[in-house]
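The values are calculated or read from the model by the stated rules, or taken from the named source; none is laboratory data. Not measured: the values here are computed from a predicted model. Neighbour counts are summed over all protein chains in view; Cβ atoms, including those assigned to glycine, are modelled from backbone coordinates with ideal geometry.
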Amino acid sequence: MRGTCSRRYWRGSKRSTEGSVEVLVVDIGNSGAHLGAFREGKLIWRATVPPDGPDRALRAVPAGIEGVVLGSVVRGASELWAEAIGRSLGLDPLIASGRSDWGLVVLYDDPNSVGVDRLSAASEAYHTVGGRVVVLDVGTAITVDAVSDRGAFLGGIIAPGPKLMASALHQGTSLLPPTEPEPGADLLGRSTEDCIRSGLLYGTASLVDGLVRRVVRKLGGAKVVATGGGLDFILPALEVRPEVVDPNLVIEGLYRLFMRERG
């Protein structure tokens, strides 16, 4: 099924080769907007900016952009960014949705309720690795998703990320202080803050280890592909070792969607 775009999301001809199209990808998450520019199928520029400041961010985009694809998990952000892209680049972006052509069979009760970041990561992981794959994304939330060997998106798991855990501990208790997650925390803390840091690091790592192992077992074996802005925080503490670590998985998946929709 096709994604939605209001008028025109690229300037080229369908006869153009992939290398002739320069594409801007915008992935809007809860913690920031991730922008990437692709030329000849390769990521040549990347930036992370606040999700509510599109005009300033778009002024830094490389010249020569011929097409734009936009994915968002933030309410109202797609419209805000689409308007800014129209003003700045003279293009209407291809807006990704759960019913876009991800190259997967989405076995979800309502495909439009799946976060496009999850579908983008799953699509890119499946088409890059091939076969059964488990996709781990560590960000504001932690997601673990499964794709079958025939390209069916089977669903997955959503859990709080380490910063949400830290926020819940502080807001839900009287005496526990606000504490930022830090890599390399000692397992046994000797202050309240250090104990919280240990819980955030090793609690998150144990959560991820357990979830990934369960999903891999349910699939009867699978490769694990990992991504997300919070991955570096927990990666050294994980017992599960992903076969592939790709920080650009989501924007690469959105680029793949653009090229597929473009025909």
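Odds and ends about this structure:
- Which numbered condition GLU83 misses (of (1) in a loop (DSSP other than H, G, I, E, B); (2) free of Cβ contacts under 8 Å to residues at least 40 places away in the same chain): (1)
- Residues that are touching a helix residue (DSSP H, G or I) at 6+ places or on another chain (Cβ under 9 Å) and at positive phi, drawn from region 96-147: GLY103
- Residue match in region 223-237 (condition: surrounded by fewer than 16 Cβ atoms within 10 Å (Cβ to Cβ) and without any contact (Cβ under 8 Å) to a residue 40 or more places away in the chain): no
- Residues located in region 45-57, provided they are out of contact with any Leu (no Cβ under 7 Å at 6 or more places or on another chain) and assigned to a helix (DSSP H, G or I): ASP55, ARG56
- Residues in region 67-118 that are crowded, with 17+ Cβ neighbours inside 10 Å, charged (D, E, K, R) and more than 14 Å from ALA33 (Cβ to Cβ) were compared, and the one that is modelled with the lowest pLDDT is ASP92.
- Among the helices (runs of 4 or more DSSP H) confined to region 176-263, the ones with at least 2 residues that are touching a Phe, Trp or Tyr at 6+ places or on another chain (Cβ under 7 Å) are located at 249-262.
- Selection count, region 193-222, where residues are in contact (Cβ under 8 Å) with a residue 24 or more places away in the chain, surrounded by fewer than 17 Cβ atoms within 10 Å (Cβ to Cβ) and closer than 17 Å to GLU182 by Cβ: 2
- Members of region 106-153 that are assigned to a strand (DSSP E or B) and touching a Leu at 6+ places or on another chain (Cβ under 6 Å): VAL138, VAL144, ALA146, ALA152, PHE153
- Within region 226-240, one or more residues are closer than 27 Å to LEU35 by Cβ, in contact with a helix residue (DSSP H, G or I) (Cβ under 7 Å, 6 or more places away or on another chain) and hydrophobic (A, V, I, L, M, F, W, C).
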